[in-house]
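Engineer: Sending over a structure as structure tokens; questions will come in a sec.
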Amino acid sequence: MKHSFPKTTAGLILFMLFSFVINTSAQKISVNNLTVEHLTNPLSVDHPHPRFSWKIVSEIKNTSQASYEIRLGNTASFSKKALWNVDQKGDESVLVAYNGPELSSKTKYFWQVRVKDNHGNTSAWSPVQYFQTGLKASDWTAKWIAVEGRDSSLASPLFRKDFEVKKTIRSATAYITAKGLYEAHINGKKLGNHYFAPGWTSYKNHLQYQVYDVTKSFNKGENTIGVILGNGWYKGRIGFNNQHDFYGDTRALLLQVEIEYTDGTKEVVNTDNSWKTANGPILSSNIYDGETYDARLEISGWDNIKFKETASWKPVSILENGTEKLVGMSGPTVSKHEEFKALKIFKTPAGETVVDFGQNLVGWVMLKAKGPSGTKITISHAEVLDKAGNFYTTNLRSAKQQNNYILKGEYEQVFEPHFTFQGFRYVKIQGFPGELKLEDLTAVAVYSDMNATGKFTTSNTLLNQLQHNIQWGQKGNFVDVPTDCPQRDERLGWTGDAQAFASTAAYNMDVPGFFTKWLKDVSADQLPNGSVPFVVPNVISERDAGSSGWGDVATIIPWDMYVAYGDKGILEAQYGSMKKWVDYISSVAKDNLWNSGFHFGDWLFYRPNDDNDGRAAVTDKYMIAQTFYAHSTQMLLNAAKVLGKTEDVEKYSSLLEKIKKAYVSENMTENGKLASNTQTAYVLALQFDLLPENMRQQAAERLAQNVRDYGNHLTTGFLGTPYLCHVLSRFGHQDVAYDLLLQESYPSWLYPVKMGATTIWERWDGIKQDGSFQTADMNSFNHYAYGAIGDWMYKNIAGINPVSETPGYKAILISPKPGGNLTSASGELETVYGTVKSSWTIKDGVFKLDVTVPANAKATVILPKNSKKEEIGSGNYHFETKY
Ligand code: RAM
């Protein structure tokens, strides 16, 4: 609509009124949170049809999207004709695929959206967002550079280049990657605020590069680029056999800066033989052992202009281009998050100076220090103190987790490491000159940049601490890849742990980008026969693959991500891998029974110390394998249905039937008792629907009885634990589930909480009741697997459930199931449609529930002790019922 300015006063008033009406109607609905491939304004989009998502904000109840418009162009003003314009009826607002003309590489595209709702309101155009496409293989003109001769020094080499900018820059983009880790600087400033670039992938298959908008980084005239390389996962120590150089023995840098001047001309600055290299202050660094930094070796101004290269700056060598495939980074970067002040500095009984930060976290300590040149300060890291109150590091196995700083003696410096991270709550300080003060130390948590999406609180403070521990277990183990633990000489992408925790992870944080990236490596490192390695990226051996409950990550996480985020693309991308895994199992199964090969089984299940009485809850490993064979087949089948692969639906439906039959004849008596009479056995059989329907309830009774027989204690390990309470709830034993959850004595979820845990432990009894530790060989205090109970807490206590037929919380099931002695609970989830809330109280026999449903979504609400279903649209709702 075009307004022409009114000429009379009356006209002016009318005009103002009219504009007011227009504006308020425009404000009734708006769009925000625009993302491309799950990321905000990403710079390295490789996808030929990137997908756009947005959220609708509306104060009007029952709002859904009636139509949307997207425009996409080369300029932010859309002054030129848009390259792509869609005006489409429908309520699609999540992952809408681009289907305009072919996108060019290394190009910035601007886009925005506006929507109409079902009430006739139109939003304003959203703020303009952008994304940039990455480089095609043939766009790379830079050369890989490395130090001359053998790259045998533990130290981190510096690389530098000066160059001149003669004209005014319109735009400049840097594309950088490394074999090893890199930290890039332009004119004395670090590029980006992230760490551990280029991230960890299956380097032999693909190596990510990062993209930086460096338009404002350069000056007209002299400029300098400086880059430091670290060993990282590529060349540093990785895996538990003291293995080095796993991916290669030579660290190398690849950097290409593309500059466009305002006169339209272009220039490229590349890594090539004009670069120089020298040793810097980082004397050694690797992921497990930490870093040694000698400030006396700092080369002042090396990464800035006006620097005079001395004879110690040597020419670089050019590496033959490797076969590695370069890909744009698809997941989130890793950066600093929460900071913790030191709470307490104290002397341990052994006489050591130890600092407590109050939280087991992953990252590092920033240390302020000044002292005589050559003073060496050592910071060691530990998760716990022992029974006597001494600093305990035996559970780190061979990982040193130690940073050393050597002072240069001129002024106060703040030290932090570059290419390593530590898992710790306590640090031990040695060699500090003078008196150590609390303000000299700050711990900083470093993890992948995922927004917090979930909140969960209840009237029970121990349970709230458990939720806190689950979230910190996630933060510490989501450092570019999902790891088992972040502190000992392991820190690997253990597939079993990841599959157990993925659905909980998707409640707490925004993880689709994180898992999309990692799942590419699940496919990449899958063996030719379809078997899936124990760890991904696979840095152990090819033989270490194929365990049930671990390899099933290939089917479980893609499905979990699809349900939580509505991302069909993940299913499409992973379908081949899902299928290969199921076909692999079929290839080793005999008569539809998976009863061969190595399996971890129900890892770390309950086992009393002195088990003369035979209380250990041992579940037959092949019985477990068969249940996961069924489950993976079911996940594949689900994916085949979503993707419309009818032949596969038929094929795998009939396979699934055979798997279940084989399970029953091998493992169940006629009366329904299972071959292993353990909680995990019943849990897996019921969770994955292996038993004939008429045998299920009796099996659930056996499970409930088993829990009661153990005095309301769980006995499950990694595989049974995630589903234990789910199965109890599903078969009407909500009370038993609550008794387990709220159990405070060992083994239980709250036992570690009572023992002061601030993260989830690897074992139910990492610290035993007498204060002694479990075996130091395997006793991590930051392992997320048992945190998988979080999924049940959100679903049952808060009552926030996805509906897999309408994924991504487009349809939500709100069904809180109060229990235990809880008098209130509140859950919140930032979904791809917006915020879902469910919070309840019980007081004077009345259950009150407040629900929020985001625009363009709908919910079914089921109140406790009530089977009536209420269907609601978006908005805020209040319910009450007798309780
Ligand atoms: C341990 C890991 C991990 C587990 C495997 C089987 O080494 O810490 O948690 O998945 O073993």
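The values are calculated or read from the model by the stated rules, or taken from the named source; none is laboratory data. Nothing here was measured: the structure is a model prediction, and the numbers come from that model. As a convention, Cβ positions derive from the backbone with ideal geometry for all residues, glycine included, and neighbour counts pool all protein chains shown. Ligands, DNA and RNA are excluded from the accessible area calculation, which covers all protein heavy atoms including side chains. Shrake-Rupley method; radii C 1.70, N 1.55, O 1.52, S 1.80 Å.
Engineer: So how exposed is I570, as accessible area in Å² (1.4 Å probe, rounded to 10)?
Structural biologist: It works out to around 10 Å².
Engineer: Ok, one more. Express the carbon and sulfur contribution to the solvent-accessible surface of the chain as a percent, rounded to the nearest whole number, probe 1.4 angstrom.
Structural biologist: C and S atoms contribute 49 percent here.
Engineer: What list of whole percents do you get for P(r) of the chain, with Cα-Cα distances grouped in 20 Å bins up to the one holding the largest distance?
Structural biologist: 14, 43, 34, 8, 0
Engineer: Would you work out the charge dipole size for region 688-838 about its Cα centre, treating the Cβ of every Lys and Arg as +1 and the Cβ of every Asp and Glu as -1, and quote it to the nearest 20 debye?
Structural biologist: Result for region 688-838 is approximately 220 debye, rounded to the nearest 20.
Engineer: While we're here: Heavy atoms only, 1.4 Å probe, whole protein assembly: order L813, L822 by accessible area, highest first.
Structural biologist: L813, L822
Engineer: Using the heavy atoms of the protein chains alone and a 1.4 angstrom probe, what is the accessible area of the chain per residue in square angstrom?
Structural biologist: Accessible area per residue, the chain: 39 Å².
Engineer: Now, a different point. Given a 1.4 Å probe and heavy atoms of the protein chains only, how would you sort S77, S300, largest accessible area at the top?
Structural biologist: S300, S77
Engineer: Give me the percent of Cα-Cα pairs in region 28-132 that sit more than 16 Å apart, rounded to a whole number.
Structural biologist: 54
Engineer: Principal axis extents for region 811-882, Cα atoms only, whole Å, descending order, please.
Structural biologist: 35, 22, 16 Å, listed from the longest principal axis down.
Engineer: Roughly speaking, what is the stretch gain from S665 to E352, that is 0.36 nm per residue apart minus the C-alpha to C-alpha distance, in nm to one decimal?
Structural biologist: Full extension of this stretch gives 106.6 nm more.
Engineer: Right, next: Efficiency by 1/(1 + (r/R0)^6): what FRET value for S745 and S654, r their Cβ-Cβ distance, R0 = 35 Å, to the nearest 0.05?
Structural biologist: E between S745 and S654, to the nearest 0.05, is 0.15.
Engineer: Calculate the tail of P(r) for region 707-802: the fraction of all Cα-Cα distances greater than 16 Å, expressed in %.
Structural biologist: 55
Engineer: Here is a follow-up. 7 Å from Cα along Cα→Cβ at both K325 and T107: what's the point-to-point distance in nm?
Structural biologist: Between K325 and T107, the simple spin-label model gives 2.3 nm.
Engineer: Could you compute the FRET efficiency for V846 and K61, with r as their C-beta to C-beta distance and R0 at 22 Å, rounded to 0.05?
Structural biologist: The formula returns an efficiency of 0.35 here.
Engineer: Tell me, what HN-Hα J-couplings in whole Hz come from the Karplus equation 6.51 cos²θ - 1.76 cosθ + 1.60 at θ = phi - 60° for each residue of region 354-368, using x for Gly and Pro?
Structural biologist: Karplus-based 3J(HN,Hα) across region 354-368 equals 10, 10, 10, 9, x, 9, 6, 9, 10, x, 7, 9, 8, 10, 9 Hz.
Engineer: Here is a further query. Within region 780-883, report the GluC sites (Glu not before Pro) that DSSP leaves as loop and that have at most 13 other Cβ atoms within 10 Å.
Structural biologist: E805
Engineer: Can you give the accessible area of K645, probe radius 1.4 Å, in Å² rounded to 10?
Structural biologist: 80
Engineer: Placing +1 at every Lys and Arg Cβ and -1 at every Asp and Glu Cβ, with all other atoms neutral, what dipole size does region 622-671 have around its Cα centre, in debye to the nearest 20?
Structural biologist: Computed charge dipole of region 622-671: roughly 100 debye.
Engineer: For the pairs K143/K314; K166/K308; K661/K865, flag any whose C-alpha to C-alpha distance is greater than 27 Å.
Structural biologist: K661/K865
Engineer: Cα extents of region 488-587 along the three principal axes, largest first, in whole Å?
Structural biologist: 35, 33, 19
Engineer: Still on this structure, I have one more. Less than 30 Å apart at the alpha-carbon level, and either on another chain or at least 8 residues along: which lysines does that give for K81?
Structural biologist: Answer for K81, where 30 Å is the Cα cut-off: K2, K28, K55, K89, K106, K108, K116, K136, K167, K216, K266, listed by chain and number.
Engineer: Multiply the residue gap between N187 and K673 by 0.36 nm, knock off their C-alpha separation, and tell me the result in nm, one decimal place.
Structural biologist: Answer, rounded to one decimal: 167.8 nm.
Engineer: Each residue of region 689-698 in order: what ³J(HN,Hα) in whole Hz does its phi give by Karplus 6.51 cos²θ - 1.76 cosθ + 1.60, θ = phi - 60°, with x for Gly and Pro?
Structural biologist: Karplus-based 3J(HN,Hα) across region 689-698 equals 6, 7, 8, x, 3, 6, 9, 6, 4, 4 Hz.
Engineer: Which value, in Å² rounded to 10, gives the accessible area of K869 with a 1.4 Å probe and all protein chains present?
Structural biologist: Result for K869: roughly 130 Å² accessible.
Engineer: Something else: If each DSSP helix of 4+ residues adds -39,500 (n - 2.57) and the sum is divided by the residues in the chain, what number results at 222 nm, nearest 500 deg cm²/dmol?
Structural biologist: The helix contribution divided over the chain gives -7000 deg cm²/dmol.
Engineer: May I pose another question? Counting Lys and Arg as +1 and Asp and Glu as -1, each charge on the Cβ, what is the dipole of region 811-882 about the Cα centre in debye, to the nearest 20?
Structural biologist: 280
Engineer: For region 334-448, state what percent of all Cα-Cα pairs lands in each successive 10 Å bin, counting from 0 Å until the bin that includes the largest distance.
Structural biologist: 14, 48, 33, 5, 0
Engineer: Hey, another quick one. With a cut-off of 8 Å between alpha carbons and a minimum separation of six or more residues, what is the relative contact order of the chain in percent?
Structural biologist: After rounding, I find 10 percent.
Engineer: Could you tell me how far the Cα centroid of region 752-799 sits from the Cα centroid of region 37-87, in Å?
Structural biologist: 42
Engineer: Placing +1 on the Cβ of each Lys and Arg and -1 on the Cβ of each Asp and Glu in the chain, which of T122, F159, A859 has its Cα farthest towards the positive end of the resulting dipole?
Structural biologist: About the Cα centre, the residue reaching furthest to the positive side is T122.
Engineer: Also, I was wondering about something else. Can you give the extra length, in nm with one decimal, that the chain gains between N74 and S335 once fully stretched, where that is 0.36 nm per residue apart less the Cα-Cα distance?
Structural biologist: 90.9 nm
Engineer: A further question follows. What share of all Cα pairs of region 454-798, in percent, falls into each consecutive 10 Å distance bin?
Structural biologist: 6, 27, 36, 25, 6, 0
Engineer: I would also like to ask the following. Using the alpha carbons of region 262-329, what is the convex hull volume per residue in cubic angstrom, as a whole number?
Structural biologist: Hull volume normalised by residue count: 214 Å³.
Engineer: A further question follows. Could you order Y195, Y209 by accessible surface area, starting with the largest, using a probe radius of 1.4 Å?
Structural biologist: Y195, Y209
Engineer: Moving to a separate point now. So what is the diffusion coefficient of region 428-551 in µm² per second by Stokes-Einstein at 20 °C and 1.002 mPa s, using a Kirkwood Rh over Cα pairs?
Structural biologist: Rounded, D is 128 µm²/s.
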